[in-house]
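Visitor: Here it is: the structure, laid out below.
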Number of protein chains: 2
Amino acid sequence: MQIVVNPSSATLVDLLKRPTLEMAEIEKRVIPILAQVKHEGDAALYHFAKAFDKVELNNLAVSESEIEEAKSLISEDLKTAIALAYKNIHTFHSSQKSKETPVETMAGITCWRKSVGIQKVGLYIPGGTAPLFSTVLMLGVPATIAGCEQLILCTPPNKEGKIHPAILYTANLVGIKQIFKVGGAQAIAALAYGTETIPQVYKIFGPGNQYVTAAKSLVTKEGVAIDMPAGPSEVMVIADDWANAAFVASDLLSQAEHGVDSQVILLSKSVDLVNKVNFELEKQLAQLPRKDIAQKALENSRAIILSNDEEIMNASNQYAPEHLIIATENVHELIHKVINAGSVFIGNYTPESAGDYASGTNHTLPTNGYARSYSGVSLDSFVKKITFQEITKEGIKNIGSAIETMAHNEELFAHKNAVTLRLL
Amino acid sequence: MQIVVNPSSATLVDLLKRPTLEMAEIEKRVIPILAQVKHEGDAALYHFAKAFDKVELNNLAVSESEIEEAKSLISEDLKTAIALAYKNIHTFHSSQKSKETPVETMAGITCWRKSVGIQKVGLYIPGGTAPLFSTVLMLGVPATIAGCEQLILCTPPNKEGKIHPAILYTANLVGIKQIFKVGGAQAIAALAYGTETIPQVYKIFGPGNQYVTAAKSLVTKEGVAIDMPAGPSEVMVIADDWANAAFVASDLLSQAEHGVDSQVILLSKSVDLVNKVNFELEKQLAQLPRKDIAQKALENSRAIILSNDEEIMNASNQYAPEHLIIATENVHELIHKVINAGSVFIGNYTPESAGDYASGTNHTLPTNGYARSYSGVSLDSFVKKITFQEITKEGIKNIGSAIETMAHNEELFAHKNAVTLRLL
């Protein structure tokens, strides 16, 4: 990992720049896929399964027997682990429920908000060699707590037309009844428009490759909401001599193994710590099955030495990391200075992988600097908050003339009249 | 207003369809405006002020003396009305603050969320004949409660290069320090990219014409968040014989006067009520200064007679109205059946204009069916919720093997190793 000592603020801006994502070319390829699914429905999905997933499917829907089979294929160890993660995620997301507290803003005027689950939500789970069953938990658990009526899960089949049993097992555990063997941009199209088999949804969640990301961005123009814009995953670690260099290296590597475009940045006041981390990186990297990917990601990554905590926290807030690990002696001071970050991990014994899997927080987080304005997925992501208000005959007398005056000054006389009539 | 009695469910789907918005043509015109502001900065803004607003500006920023002048131009009546609205909006949005409650999901594992104001927000206030100072309250008040550090307001100047004093007065009252004379798509570009004079922001709020809407949608692709996608304003009224027909007509007209593309729909079990409302509509319409606009909007609007409450609430939830007024004898039963709506107004004495101006709720709401998945603007819109977690040395022992097992099964061995090292 490249080490940069006390960069100028202009250099720092450059060091914290993310690679630009070129979406235009990808969008061009995705647009016809969306259109074909919109017009041909299921037929297009079977066609793309053959073209992209190299499988002739007989059925898009996963059957009961496939789910039963999955249960028998999962080890007891994994079942126990998933159950623990489920419980913690459920506990933390349940604590996010908000109460409806009516507020009397003036005598006779009562206003409140009510959280209502989005009726139909689509969950996209990517395919590939590793089955992301953890994402099924991260999306499915809050969706059920929110009271979403229909949860539709799409995930690509393998060449045998199968879904990985860990995904099926977890989806069933969460209570997801409708699981479809559709991946890529075509899955996003199916969820956005609906087909003969796949119900149309109001909001689509989940990670994916560039095609999935582009498709999600495109369907928002047609009224479908999405969880958040996506970008490559990233971690920033702030550490000093109090930190354990081996732990820091392991956290940097767990980000780096995600993909060659993963971003990994270490901020420190201590040259000594950075050198130790670099040593540990080499040592641990050699042991990793995905070392080629991790090595490539590390080549684009850097350790930046800064003079003091203020510079460090400014750099962190400027970067707005998806994951921020702070392992410094004064971590409990520094956390109050975090303004832009997705999820923060405190101290030596809080690895990012805890939040990725099982501690209870959500792992669907804003990347690419979106943490400046977006929150990660939470219970809020699966509800709308509807406002209600009730005004009594006395209440309208208290507020009526203010509304009349404001409407008059905005030259909206029908707005004014709606009050005037009620004051007669 | 056209009356439709007991339509089939297929006809009902058609009746509740909104006009399609054709954005492609508008986007084509907006893209070069965005590019010019991105590359030329202030110079482009002066250029567009001349081209579109027909004014040669000396300064983009509103001066202290212009704000002082505005104060002297506002009537005491209007100041009193704005103060009352300010207080109610402040009270209701302050009640939306959420507490940080740490949750111990397992022994030694503590997770919580913290709301942090988005540092830089842009508020767009449209121009035109009527000054929308109420929108300054609706956006500015929650932004200040949220603790946003920089509030940047853009609004187009008139031909004399002035901003309406009601907008300046309200912005100053709310505490907005940076007000710029820029309108249209160029204002959105300035907020998204920043110029020599106008700071770049992380999220842009506010209504506007089709150019503004298209510009907001386009800049989201470059990482800027927006409040929500926009569409023409709309109201749905559910009323029965218990309702006052004159009040219902006045509510329909206050929506209809917004623009010729406003949507107004009345649902009722009672033919008698609908006939009375139609009579009242004619009567009240004749008195309105904006009767041409309202009449045009009413031509596209309809009263739908349905057989029972279930059909009515299904139709309402299917339409997902921005504003929903329920004036029925059993309104307190019906409100529990509202699933999709932006803001609900209860009973005979709760006109939409109360929520538009002064009751305390926000008037920036999801139109065009977006209420199926989006909430209106609230305090939430101006904050990000950052998750934090802290695990003790004991805690990682409790959760460690679950994380190891899950990471192993997702084939992410560096994730696993980050835990294994901490268990040694």
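Visitor: With a 1.4 Å probe and all protein chains kept in place, how much accessible area does B:Tyr211 have, in Å² rounded to the nearest 10?
Guide: Roll a 1.4 Å probe over it and B:Tyr211 shows about 70 Å².
Visitor: What share of all Cα pairs of segment A:35-193, in percent, falls into each consecutive 10 Å distance bin?
Guide: It works out to 10, 34, 30, 15, 7, 4, 1, in whole percents.
Visitor: Quick one: Kirkwood hydrodynamic radius for chain A, alpha-carbon pairs, angstrom, one decimal?
Guide: Over chain A, the inverse of the mean reciprocal pair distance is 24.0 Å.
Visitor: Given a Förster distance of 45 angstrom, what is the FRET efficiency for A:Ala83 paired with B:Lys71, based on the Cβ-Cβ distance and rounded to 0.05? Kindly include the intermediate steps, with their values, before the conclusion.
Guide: Details: r = 64 Å, r/R0 = 1.42.
After rounding, the FRET efficiency stands at 0.10.
Visitor: Determine the order of A:Met106, A:Met406 by accessible area, beginning with the largest, at a probe radius of 1.4 Å.
Guide: Descending accessible area places them as A:Met106, A:Met406.
Visitor: Shifting gears a bit: Kindly report, to the nearest 10 Å², the accessible surface of B:Met313 as traced by a 1.4 Å probe over protein heavy atoms only.
Guide: In the full protein context, B:Met313 sits at about 10 Å².
Visitor: Separate question: Whole angstrom only: what separates the Cα centroid of segment A:66-85 from the Cα centroid of segment B:393-424?
Guide: Rounded to whole Å, the Cα centres lie 18 Å apart.
Visitor: On to the next question. Positive end of the dipole of the protein assembly as shown, charges at C-beta (+1 Lys, Arg; -1 Asp, Glu), about the Cα centre: which of A:Gly128, A:Ser250, B:Ala286 has its Cα farthest in that direction?
Guide: A:Gly128
Visitor: Shifting gears a bit: How many percent of DSSP beta bridges within the protein assembly as shown run antiparallel, rounded to 5?
Guide: Given both bridge residues lie in the protein assembly as shown, the antiparallel proportion sits at roughly 25 percent.
Visitor: Highest GNM mean-square fluctuation, chain B, Cα pairs closer than 10 Å: which of B:Ile74, B:Ile326, B:Ile238?
Guide: Judging by the Gaussian network model, the answer is B:Ile74.
Visitor: Calculate the dipole size of segment A:60-124 relative to its Cα centre from +1 charges on Lys and Arg beta carbons and -1 charges on Asp and Glu beta carbons; express the result in debye to the nearest 20.
Guide: Computed about the Cα centre, the dipole is about 480 debye.
Visitor: If you don't mind, there's one more thing I want to ask. At a cut-off of 50 Å², which residues of segment A:248-263 become less accessible once all protein chains are present than in their chain alone, using a 1.4 Å probe?
Guide: Buried-area filter returns A:Glu257.
Visitor: Work out the charge dipole of chain B with +1 on the Cβ of Lys and Arg and -1 on the Cβ of Asp and Glu about the Cα centre, then indicate which of B:Gly183, B:Leu267, B:Val235 is farthest towards its positive end.
Guide: After comparing all options, I get B:Gly183.
Visitor: Send over a whole-number figure in Å² for the accessible area per residue of segment B:54-111, probe 1.4 Å.
Guide: Numbers: 3220 Å² over 58 residues.
On a per-residue basis, segment B:54-111 sits at 55 Å².
Visitor: Okay, next question. Rounded to whole Å and sorted largest first, list the principal axis extents of the Cα atoms in segment A:335-424.
Guide: Extents along the principal axes: 68, 24, 23 Å.
Visitor: Roughly speaking, what is the centre-to-centre gap between segment A:4-24 and segment A:142-165 when only Cα atoms are used, to the nearest Å?
Guide: Here the two parts' Cα centres lie 38 Å apart.
Visitor: Counting residues in segment A:282-360 as N, plug N into 2.2 N^0.38 Å and put the Cα Rg over that result.
Guide: After normalising by residue count via 2.2 N^0.38 Å, the value is 1.24.
Visitor: Just for chain B, what percent of DSSP beta bridges are antiparallel, to the closest 5?
Guide: Antiparallel: roughly 25 percent of the beta bridges in chain B.
Visitor: Note the buried accessible area between A and B here, summed over both chains, with a 1.4 Å probe, in Å² to the nearest 100.
Guide: Counting protein atoms only, the buried area is about 10100 Å².
Visitor: List the residues whose amide H sits under 5 Å from the amide H of A:Val4, counting only those 5 or more places along or on another chain, with H placed 1.01 Å from N in the peptide plane.
Guide: Long-range HN contacts for A:Val4: A:Ala303, A:Ile304, A:Ile305.
Visitor: Which percent of the accessible area of chain A is formed by carbon and sulfur heavy atoms (probe 1.4 angstrom)?
Guide: Values: 8000 of 15870 Å².
Carbon with sulfur: 50 percent of the solvent-accessible area.
Visitor: Quote the charge dipole size of segment B:282-352 about the Cα centre in Debye, to the nearest 20; the model charges only the Cβ of Lys and Arg (+1) and of Asp and Glu (-1). Walk me through the intermediate numbers first.
Guide: Details: 6 positive and 10 negative charges, 71 e Å.
Using Cβ point charges on Lys, Arg, Asp and Glu, segment B:282-352 gives about 340 debye.
Visitor: On to the next question. With only Lys, Arg, Asp and Glu charged, each at its Cβ (+1 for the first two, -1 for the last two), find how big the charge dipole of segment B:265-396 is about the Cα centre; round to the nearest 20 debye. Before the final figure, lay out the partial values.
Guide: Working: 12 positive and 16 negative charges, 72 e Å.
Dipole of segment B:265-396, to the nearest 20 debye: 340 debye.
Visitor: With every protein chain kept in place and ligands, DNA and RNA left out, what is the accessible area per residue of segment B:237-284? Probe 1.4 Å, answer in Å².
Guide: Spelled out: the 1.4 Å probe surface of segment B:237-284, per residue, equals 32 Å².
Visitor: Compute the Kirkwood hydrodynamic radius of the protein assembly as shown, taking the inverse of the mean of 1/r over all pairs of distinct Cα atoms, and give it in Å to one decimal.
Guide: Working: mean 1/r = 0.0354 Å⁻¹.
Here the Kirkwood hydrodynamic radius works out to 28.3 Å.
Visitor: Pairs A:Lys384/B:Lys17; B:Lys87/B:Lys283; A:Lys17/A:Lys269; A:Lys221/B:Lys162; A:Lys337/B:Lys38: which are spaced more than 25 Å apart, C-alpha to C-alpha?
Guide: Distance filter (> 25 Å) returns B:Lys87/B:Lys283; A:Lys221/B:Lys162; A:Lys337/B:Lys38.
The values are calculated or read from the model by the stated rules, or taken from the named source; none is laboratory data. What you see is a predicted model, and the numbers here were worked out from it, not measured in a lab. All Cβ positions, even for glycine, are placed from backbone atoms using ideal geometry, and neighbour counts span all protein chains on display. Surface areas here come from the heavy atoms of the whole protein model, side chains and all, with no ligands, DNA or RNA. Shrake-Rupley method; radii C 1.70, N 1.55, O 1.52, S 1.80 Å.
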